[in-house]
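A.B. asks: Got a structure for you, written out below as structure tokens; questions coming shortly.
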Protein chains: 4
Amino acid sequence: MKAVRVHEYHVDPSIDDIPEPKIEGPLDVVVKIGGAGVCRTDLHILEGQWADLQNPDLPYVIGHENAGWVHEVGEGVTNVAVGDTVILHPQPSCGLCMACRAGQDMQCMNAFFPGLSNNDGGMAEYLRTTARACVKLNPDTNPADVAALADAGITAYHAVRKAVPLLYPGTTAVVIGAGGLGHIAVQALAALTATKIIVVDKNPDALKLASQIGADETVVADGNQVGEVQELTGGGATVVFDFVAEQGVELEAWQMTGPAGYQFVLGYGGQFQAPTLDFVAGEKNVIGNIVGTYNDLTELMVLAQAGKVTLHTVQYSLDSALDALHDLDAGKVRGRAILVP
Amino acid sequence: MKAVRVHEYHVDPSIDDIPEPKIEGPLDVVVKIGGAGVCRTDLHILEGQWADLQNPDLPYVIGHENAGWVHEVGEGVTNVAVGDTVILHPQPSCGLCMACRAGQDMQCMNAFFPGLSNNDGGMAEYLRTTARACVKLNPDTNPADVAALADAGITAYHAVRKAVPLLYPGTTAVVIGAGGLGHIAVQALAALTATKIIVVDKNPDALKLASQIGADETVVADGNQVGEVQELTGGGATVVFDFVAEQGVELEAWQMTGPAGYQFVLGYGGQFQAPTLDFVAGEKNVIGNIVGTYNDLTELMVLAQAGKVTLHTVQYSLDSALDALHDLDAGKVRGRAILVP
Amino acid sequence: MKAVRVHEYHVDPSIDDIPEPKIEGPLDVVVKIGGAGVCRTDLHILEGQWADLQNPDLPYVIGHENAGWVHEVGEGVTNVAVGDTVILHPQPSCGLCMACRAGQDMQCMNAFFPGLSNNDGGMAEYLRTTARACVKLNPDTNPADVAALADAGITAYHAVRKAVPLLYPGTTAVVIGAGGLGHIAVQALAALTATKIIVVDKNPDALKLASQIGADETVVADGNQVGEVQELTGGGATVVFDFVAEQGVELEAWQMTGPAGYQFVLGYGGQFQAPTLDFVAGEKNVIGNIVGTYNDLTELMVLAQAGKVTLHTVQYSLDSALDALHDLDAGKVRGRAILVP
Amino acid sequence: MKAVRVHEYHVDPSIDDIPEPKIEGPLDVVVKIGGAGVCRTDLHILEGQWADLQNPDLPYVIGHENAGWVHEVGEGVTNVAVGDTVILHPQPSCGLCMACRAGQDMQCMNAFFPGLSNNDGGMAEYLRTTARACVKLNPDTNPADVAALADAGITAYHAVRKAVPLLYPGTTAVVIGAGGLGHIAVQALAALTATKIIVVDKNPDALKLASQIGADETVVADGNQVGEVQELTGGGATVVFDFVAEQGVELEAWQMTGPAGYQFVLGYGGQFQAPTLDFVAGEKNVIGNIVGTYNDLTELMVLAQAGKVTLHTVQYSLDSALDALHDLDAGKVRGRAILVP
């Protein structure tokens, strides 16, 4: 089969012809890929940023936002059958450790992450995952339409879902960064809460879109954004979702966070800092956010199928994977690039 | 009456003879002081650290940990009567703003803080406060025995109370700093949870006491404390209560905090910092903690009256207030210094 | 002033000329009434149903859903001033007991309920209440437009607000009774959650309206409603809001409640019963719901001012109060009858 | 192997010689039984009470409170290995449905219950269960000492665990029925909360034991128990745990439940009933409680290993199973009867 493989860091991957994956354990599932999202993390992998953390044997196949159809199942698989349309949670989990048993999939002691850890990902014709990663979809769903919800989507959704109890009417939520994830966060906030949604971005076009999908107020990040948010929120927001979290934005986010408020960190790359007195005098909090759970993905699919969360996507053929990666790197992709077979 | 007044920063306060406070509004309460705690914050006031933040007109009376007997009440006061034994929440709140109405007294829009803000405190024979600050006690309670619960006590208790849902059996809690507040936190943790309690302090005597009041494990802060805590917790604690939060301890606390764990900040003076990636990859959190609420104080009095939380105190006469302050500054006070009339 | 007073049970009230209420305590507020809702409870009062429970001295003024303008304030009132437009929480609370301090206004130990308990209500030109009952509104709000949110509104909202954490995407909520309260519940559910909303009522017109304001499915209560709901919910709903709770509906509601689900009781008059085995084998729950809190009212006003909750009202002059009561009794009022001065 | 099998209802089971269970699926685990608890539910099975609900093919082996050592594992089992000491959650769950993924094992769509549903139980030398039911223990644990925690234990613990957020200092908890389950509830309440624990039972000896293990107050159920509890709680408890829930106790429990309080149903056999007005005027609640989860069992084992929850047991050999059942039926068992090989 064809697969996009990384052979060496700092070099383009190549499209190789490799054997199809096979069932190896009783809970394995092989999926025929119908759509694979192209994520900024893929660029970071190529730049070697994950080499030390994940240390995969090269060459390996990238792609961690996948949807398709079940092709083959192990003998212990009971939740999906050959032919089912599925979207895949990016991190297959064991279902046996205490974290899994408490619904905290991402804290699983025995998980792996195809396309990131030392396991082949989904920029290929077929992918091997496990039963616990498969969310069964309506048979008529087009996998390419939803694939990007598998990672970008649930990361944004997971954070919003955690914040719901904080965001009752009269509160304010700030979304910094109206790109792929922020865009889903705005829609999820509008679907799940009646908070006042304020979106901050450098790009006026992104803000225009934000207004159409649920933002109550938008703020151009032109240098005065902290003051504007403080004014719009009466001294700081209840929750600030920071999808940038680098280049000082993580510090501005803290200034935008009101007394007894919460800064949710979702982007990365920066260095957060604040006097411990800020935490004591203001009773302010910083909340970490990892990729969402399997149940988050299931819930997000409910919103997607109800039309409450929609994604703008641009399709590329698997053969054009390098174009997709180059376009993403060059800032030419509007919405999410999706590889289709 | 006699009162300990600050006339100038960086200079000892003096014991002055001033008029007794009078009822000024319908919800005012004048309390005859039976015990006033001497707190490190009083030293900080004298050093001028709060001058800019609170900007009180000098001279003024310090003392924000007070208990005594109701001496006079305004016409609108219905919850206490002259002669009642009371402990006082340090920050009288309005009862009318949304924060007060949600039980978040410390977020009150209209509060003041006698002995810290521009209002006379309790190192005196009488103090003026309001109805909403008064917790009625059993008549036979000695105010001097409980006064220190009014500020130090509820600060520790408030943080523990917030953490209870996180600290089910099998989890681990670390208390850094087994002084006045940490000491109450250990007792509150033992009373309210079945978590494994690990106490970290430089002082072996403080650790010995911690073991007697509920610590399951103790760690001397001799340079290896981070590694020891990581080993005792299997890779980081569920919750770390940092009562120091300065001189780098706030950074060690982060290293002691496990995946999906919580660092509770209670001390101050330091500068917290961490890569935003830490928040994302580990889903770790930093939680701010201010002084507790009125209801926290009520609950803590229940624990105190059941003997589940006890305080070691050293009494000084009001005339010897300077001795108490000097002893505290010199590290000579074991437990809490209390001024009595 | 003119006031609608009950002189005797089972007899129409009369419109009397009585003295205006005066400020009696420092926290009292006298409000010039701009709108007073006419509620089914007013009919029940006239029928003597509340005589034993509340035991008011007759004659007294009814009317417990009030909004207007502040006319006079006691010396301790700080949150509103003469001329402010206000909506009134129906039960002034003390702000001093532990329930008030925890945000549970309706559990206040010292509350009263003008127009129901032994205190004059708002079907009059003026009403005496207290500072803690006043929610300040935008000056240009017409009190008659919002008065009914003061009791009917917050009762529905309070229950929905409690249920929010249960009603994530993929869950189902059933609203039984699409009248005044149910109608607000549907709008609040649509504003605060993305659950699937199923409305059950005998009246097809009420269901038509429900569909317009947020219901995803409607079920005519024609005898097959339990089976239909079980089918629409796949075996029972996550939460059933029962605004009828009499004449056997309270038993049907239990059958509509799914495993690990919640029956929220809001109506009254019936007798709930179920085998204790149902609670154990199904882990099902029955949740009581009283009138909402002051903060619920504040939040609901946010939704109302954003147009997310709207009320259909019919205005009657205060002089025509008997017409309003008779029309309500005869089932001729569409929406909520409001008395205006 | 020897096994206690039901051949016919209303007749003693017999001790048969049957083939050992074999691994049938990749996630199966065969356990050599070290201890099997004898439960009142076993008597109910023999009386045919579960015949319709579970409809097992007869003959079958009873016994649903089991602990022992892993004897054989399927090829997909990764969490336990042959020789491990284990206690078994009574209901093996699938790990794939949304309930399992949310940590609600007992709501699993695909679960079975050996010894109750149509699957052989643990009153035998060997039992077949699955990987997800196995909790690994310290190797030196004696299975017979802990077996009864597997069902009775986690049922009591699960309810207490759910109630922890409600039971802060100053609240009151009533435990009705100080038998096997109530006895564990008292210990769990004392370990996890600082609430005031009031125990109600007909048997003064049971109350004496309750006082030794954590009860603050005891009340003999001699006809005045409702009034006594109302007096001890100041008008009703915060939470009432009803381990009887038949013969009218379920109605007394409601009277013992205070305003805004919670009646937790754990026993069964009775018929709960109350006016819907009670739920509205008092905002009172009835909470259903099923057997605990796998994680509940894990947490309870932490308490047991710390000596915070202890069980009184009486051992019988597997050959004497009928004696154990007869003794239980005759009320002659103090604590819990355990069959050992």
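A.B. asks: Please work out the FRET efficiency for the pair A:LYS136 and B:MET109, using the Cβ-Cβ distance as r and a Förster radius of 60 Å; give the result to the nearest 0.05.
C.D. replies: With R0 = 60 Å, the Cβ-Cβ based efficiency is 0.75.
A.B. asks: I'd like the accessible area for A:CYS39, computed on protein heavy atoms only with a 1.4 Å probe and all protein chains in place. Round to 10 Å², please.
C.D. replies: 10 Å²
A.B. asks: Need the full-extension length gain, D:LYS22 to D:SER317, defined as separation in residues times 0.36 nm minus the C-alpha distance. One decimal, nm.
C.D. replies: Additional length available on full extension: 103.8 nm.
A.B. asks: Moving to a separate point now. Once you charge only the Cβ atoms, +1 for Lys and Arg and -1 for Asp and Glu, what is the size of the charge dipole of region D:1-46 about its Cα centre, to the nearest 20 debye?
C.D. replies: 160 debye
A.B. asks: Find, among the GluC sites (Glu not before Pro) in region C:7-77, those assigned to loop by DSSP (not H, G, I, E, B) with at most 12 other beta-carbon atoms within 10 angstrom.
C.D. replies: Counting only loop positions with at most 12 other Cβ atoms within 10 Å, the GluC sites (Glu not before Pro) in region C:7-77 are C:GLU8, C:GLU24, C:GLU47.
A.B. asks: Mind listing the long-range amide H neighbours of A:GLY261? Cut-off is under 5 Å, sequence gap 5 or more, other chains count too, H placed in the peptide plane at 1.01 Å from N.
C.D. replies: Those lying under 5 Å, H to H, from A:GLY261 are A:ASN285.
A.B. asks: Please give me the summed charge of the neighbours of D:ILE18: other residues whose Cβ is under 9 Å from its Cβ, Lys and Arg +1, Asp and Glu -1. Display every interim value, and only then the final one.
C.D. replies: Numbers: positive: D:LYS2, D:ARG5; negative: D:ASP16, D:ASP17, D:GLU20, D:ASP120.
Computed value for this residue: -2.
A.B. asks: Using a Gaussian network model of chain C whose springs link C-alpha atoms within less than 10 Å, name the residue from C:ASP145, C:ASP319, C:ASP278 with the highest mean-square fluctuation.
C.D. replies: C:ASP278
A.B. asks: On to the next question. Only four residue types carry charge here, +1 at the Cβ of Lys and Arg and -1 at the Cβ of Asp and Glu. Report the dipole size of region B:203-305 about the Cα centre in Debye, rounded to the nearest 20.
C.D. replies: Details: 2 positive and 14 negative charges, 31 e Å.
Dipole of region B:203-305, to the nearest 20 debye: 140 debye.
A.B. asks: Where Lys and Arg each count +1 and Asp and Glu each count -1, what net charge lies around D:GLY95 among other residues with Cβ under 10 Å from its Cβ?
C.D. replies: Neighbour charge sum, excluding D:GLY95 itself: +3.
A.B. asks: Further question on the same structure: What are the lysines whose alpha-carbon lies under 17 Å from the alpha-carbon of B:LYS332, with same-chain residues fewer than 8 places away excluded?
C.D. replies: Here the lysines satisfying the reach criterion relative to B:LYS332 are B:LYS202.
A.B. asks: Put a label point 7 Å from Cα along the Cβ direction on B:LEU322, then list its distances to the equivalent points in the other copies in nm, shortest first.
C.D. replies: The answer, with the shortest distance listed first, is 8.2, 8.4, 9.3 nm.
A.B. asks: Compute the angle between helix A:204-213 and the longest alpha-carbon principal axis of chain A, please, reported from 0 to 90 degrees and rounded to the nearest 10.
C.D. replies: Long axis of A:204-213 versus the principal axis of chain A: about 80 degrees.
A.B. asks: Next question. With loop defined by DSSP as not H, G, I, E or B, and exposure as at most 14 other Cβ atoms within 10 Å, which is the longest segment of chain D clear of exposed trypsin sites (Lys or Arg not before Pro)?
C.D. replies: Details: sites that count: D:LYS22, D:LYS202, D:LYS332, D:ARG334.
Within chain D, the longest run free of exposed trypsin sites (Lys or Arg not before Pro) spans D:23-201.
A.B. asks: Picking from C:PRO59, C:GLY37, C:GLY261, whose Cα lies most toward the positive end of the charge dipole for chain C (charges on Cβ: Lys, Arg +1; Asp, Glu -1)?
C.D. replies: So the residue furthest toward the plus end is C:GLY261.
A.B. asks: How would region D:15-158 be classified by its alpha-carbon gyration tensor: rounded, prolate or oblate, with rounded meaning a/c under 1.5 and the a/b versus b/c comparison settling the rest? Write down the numbers at each step before the final one.
C.D. replies: Details: a/c = 1.30, a/b = 1.14, b/c = 1.14.
It comes out rounded by the Cα gyration axes.
A.B. asks: A:ASN118 label points, 7 Å along Cα→Cβ, one per copy: pairwise distances from this copy to the rest in nm, shortest first?
C.D. replies: When each copy's label point is compared with this one, the spacings are 4.6, 6.7, 8.1 nm.
A.B. asks: Here's another thing I want to ask about it. So which residue, out of D:GLY267, D:GLY170, D:GLY153, gets the largest mean-square fluctuation from a GNM of chain D using Cα contacts under 10 Å as springs?
C.D. replies: Comparing D:GLY267, D:GLY170, D:GLY153 in a Gaussian network model of chain D, the most mobile one is D:GLY170.
A.B. asks: Could you tell me the center-to-center distance, by alpha carbons, between region A:209-280 and region B:53-116 in angstrom?
C.D. replies: Cα centroid of region A:209-280 versus Cα centroid of region B:53-116: 33 Å apart.
A.B. asks: Report, ordered by chain and residue number, the lysines lying within cross-link reach of B:LYS162, taken as a straight Cα distance under 26 Å and ignoring same-chain residues fewer than 8 apart.
C.D. replies: A:LYS162, A:LYS284, B:LYS136, B:LYS196, B:LYS284, B:LYS308, C:LYS162, D:LYS162, D:LYS196, D:LYS284, D:LYS308
A.B. asks: Next up: Just to be sure I understand: of the beta bridges DSSP finds with both ends in chain D, what percent are antiparallel, rounded to 5?
C.D. replies: That works out to approximately 50 percent antiparallel.
A.B. asks: Say R0 is 45 Å: what FRET efficiency, to the nearest 0.05, do B:ALA51 and A:GLN49 get from their beta-carbon distance?
C.D. replies: The pair B:ALA51/A:GLN49 has a calculated efficiency of 0.45.
A.B. asks: Quote the relative contact order of chain C in percent (integer), defining contacts as alpha-carbon pairs under 8 Å separated by 6+ residues.
C.D. replies: Values: 801 pairs, mean separation 59.5, N = 341.
The value is 17 percent.
A.B. asks: Between A:ILE15 and C:ALA281, what is the label-to-label distance in nm when each label sits 7 Å out along the Cα-to-Cβ direction?
C.D. replies: 6.0 nm
A.B. asks: If you place +1 on the Cβ of every Lys and Arg and -1 on the Cβ of every Asp and Glu, how big does the dipole about the Cα centre of the protein assembly as shown come out, in debye to the nearest 20?
C.D. replies: Values: 76 positive and 160 negative charges, 2 e Å.
Once rounded to the nearest 20, the dipole reads 0 debye.
A.B. asks: Would you look at the GNM of chain C, springs on alpha carbons closer than 10 Å, and say which of C:ALA215, C:ALA159, C:ALA194 moves the most?
C.D. replies: Its mean-square fluctuation being the largest, the pick is C:ALA194.
A.B. asks: So for region A:178-235, taking the charge dipole from beta-carbon charges (+1 Lys/Arg, -1 Asp/Glu), which of A:VAL200, A:VAL186, A:VAL226 sits furthest toward the positive end?
C.D. replies: Looking along the dipole axis, the top candidate is A:VAL186.
A.B. asks: Follow-up question, since we're still on this one. Between copies, how far apart are the B:ASN55 label points? List them in nm, one decimal, shortest first, with each point 7 Å from Cα toward Cβ, please?
C.D. replies: Going from nearest to farthest copy, the values are 5.5, 5.7, 7.8 nm.
A.B. asks: Going toward the positive end of the dipole of chain A, with +1 on Lys and Arg Cβ and -1 on Asp and Glu Cβ, which of A:ILE176, A:PRO165, A:LEU318 do you reach last?
C.D. replies: A:PRO165
A.B. asks: Counting other C-beta atoms within 10 Å, and keeping those with at most 14, which DSSP coil chymotrypsin sites (Phe, Trp or Tyr not before Pro) do you find in region A:1-109?
C.D. replies: When the chymotrypsin sites (Phe, Trp or Tyr not before Pro) of region A:1-109 are filtered for loop state and at most 14 Cβ neighbours within 10 Å, A:TYR9 remain.
A.B. asks: So what's the angle, to the nearest 10 degrees on a 0 to 90 scale, between helix D:152-163 and the longest Cα principal axis of chain D?
C.D. replies: Once rounded, one gets 40 degrees.
A.B. asks: Once you order the gyration tensor axes a ≥ b ≥ c over the Cα atoms, which shape class does the protein assembly as shown get: rounded for a/c under 1.5, otherwise prolate or oblate by comparing a/b with b/c? Working shown, then result.
C.D. replies: Values: a/c = 1.27, a/b = 1.23, b/c = 1.03.
Note, shape of the protein assembly as shown comes out rounded.
The values are calculated or read from the model by the stated rules, or taken from the named source; none is laboratory data. Worth saying up front: this structure is predicted, and the values here are computed from it rather than measured. Cβ: placed from backbone, ideal geometry, glycine included. Neighbour counts: every protein chain shown. The accessibility values were calculated without ligands, DNA or RNA, using every heavy atom of the protein model including side chains. Shrake-Rupley method; radii C 1.70, N 1.55, O 1.52, S 1.80 Å.
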